[in-house]
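Data block below; observations after.
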Amino acid sequence: MTASPLQTADHGAVRVLTIHRPDKLNALDQATLIALHEAFDAAAGDAGVRVVVLTGSGAKAFVAGADIAQMAALTPAQAREFSLLGQRMMRRVERMPKPVIAMVNGFALGGGLELALCCHLRIAADSAKLGLPEVTLGLLPGFGGSQRLPRLAGRAAALELCLTGTPVSATRALELGIVNRVVPVAELEAETMQLAEKLAQSAPLAMRAILDAVQVGGECSLDQGLEYESAQFGLLFSTVDAREGMQAFLERRKPAFGNH
Ligand code: COA
């Protein structure tokens, strides 16, 4: 039996997904892409999970890219399917109804950076290296990197990373707005879990509306986005959590949010 390329562990309401192909620096082959898609479907549908943390196994890599050994044998038609498989999975992550944090513990290259980009938040170890080296293989990023990186960091930064293929340090990635935080590698897990646990205390339906509004807003006109925001704002007033949140403020106590 082949070992699973993905490990799952629950810490309260925080689900940690760890890509586990350390001997291949967690490279994304077809089986790993499918396992990730299934794992995110499961996390989305599990009411006990409020936050997902995604990381890579071992001290060296988050994910060192799509699996080049597997890709090298693909026909053009198969390559397109492989790209679509990765894109569908990453879109699933991006459209998750609960926050997904990428804990970037080392190399995040090619498909690895693309995977981090579709997560909602990124915390990187100071030792991490991030880049899109596909051009050095005669390719372009095929899991959404050519689309998400310019939207996140602007065209200038995206073109520099895509055209040179040269990875940047975590600190430079922070300057470019690619990651949210850089922390010493020894503190990466504690800092990430602290953030995840904080989010797990937050109102799930409000977070879902925020994730939706920000995502939808990035893909439509400002007027459409504002209309969507108002609709979501109104909708949240039908939730017990919004009543609880406002009431708790007025009563000067800590709110207790459910998922309703
Ligand atoms: N696909 C498949 N296998 C990969 C891989 C990838 N993207 N990245 C690393 N590996 C494998 C290596 O082939 C090696 O396997 P082996 O021991 O069976 O030969 C193992 O992981 C360790 O990698 P190695 O290259 O020996 O480590 P290193 O420390 O010398 O270099 C990197 C680390 C990340 C700089 C280097 O592995 C690399 O450049 N990887 C490819 C990055 C890339 O181009 N990604 C985009 C793909 S679209």
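Since every read-out is calculated from the coordinates, none of them should be taken as a lab result. Quantities reported herein were computed from a predicted structural model and do not represent experimental measurements. Heads up, the Cβs are rebuilt from the backbone with ideal geometry, glycines too, and the neighbour counts pull from every protein chain shown.
Principal-axis analysis of the Cα atoms of the chain puts helix 222-236 at an angle of about 50° to the longest axis. Look at the dipole of region 102-188 built from charges on Cβ: of Leu115, Val168, Gly154, the Cα furthest out on the positive end belongs to Gly154. The shape of region 1-100 comes out oblate: with a ≥ b ≥ c from the C-alpha gyration tensor, a/c is at least 1.5 while a/b does not beat b/c.
With a cut-off of 9 Å between beta carbons, the residues surrounding Pro97 carry a summed charge of +2, where Lys and Arg count +1 and Asp and Glu -1. Ordering of 232-242, 186-196, 95-105 by packing is 95-105, 186-196, 232-242, highest average first (other Cβ atoms within 10 Å, averaged per residue).
With both residues required to sit in the chain, DSSP beta bridges show an antiparallel share near 30%. With respect to the chain, whose longest principal axis is taken over its alpha-carbon atoms, helix 188-200 is tilted by about 40°. When DSSP beta bridges are restricted to pairs lying wholly in region 90-235, around 20% turn out antiparallel. Based on DSSP H segments of at least four residues, each scored -39500 (n - 2.57), the chain has a per-residue ellipticity at 222 nm of -14500 deg cm²/dmol. Each residue of region 167-179 is assigned a 3J(HN,Hα), and the resulting list reads x, 10, 6, 4, 5, 5, 4, 5, 4, 7, x, 7, 10 Hz, derived from the Karplus form 6.51 cos²θ - 1.76 cosθ + 1.60 (θ = phi - 60°), x at Gly and Pro. Under 14 Å from the Cβ of Leu250, count the other residues' Cβ atoms, weight Lys and Arg +1, Asp and Glu -1, and hand me the total. Result for the local shell: +2. Taking Lys and Arg as +1 and Asp and Glu as -1, the other residues whose beta-carbon sits under 14 Å from that of Leu139 total -2. For a quick check, take a GNM of the chain with Cα springs below 10 Å and name the residue from Val216, Val183, Val53 with the largest mean-square fluctuation. So, out of Val216, Val183, Val53, the one fluctuating most is Val216. Relative to the longest principal axis of the Cα atoms of the chain, the long axis of helix 155-164 lies at roughly 30 degrees. Which lysines does Lys129 reach when only Cα atoms under 30 Å apart count, and residues fewer than 8 places away in its own chain are ignored? Partners found: Lys24, Lys60, Lys98, Lys198.
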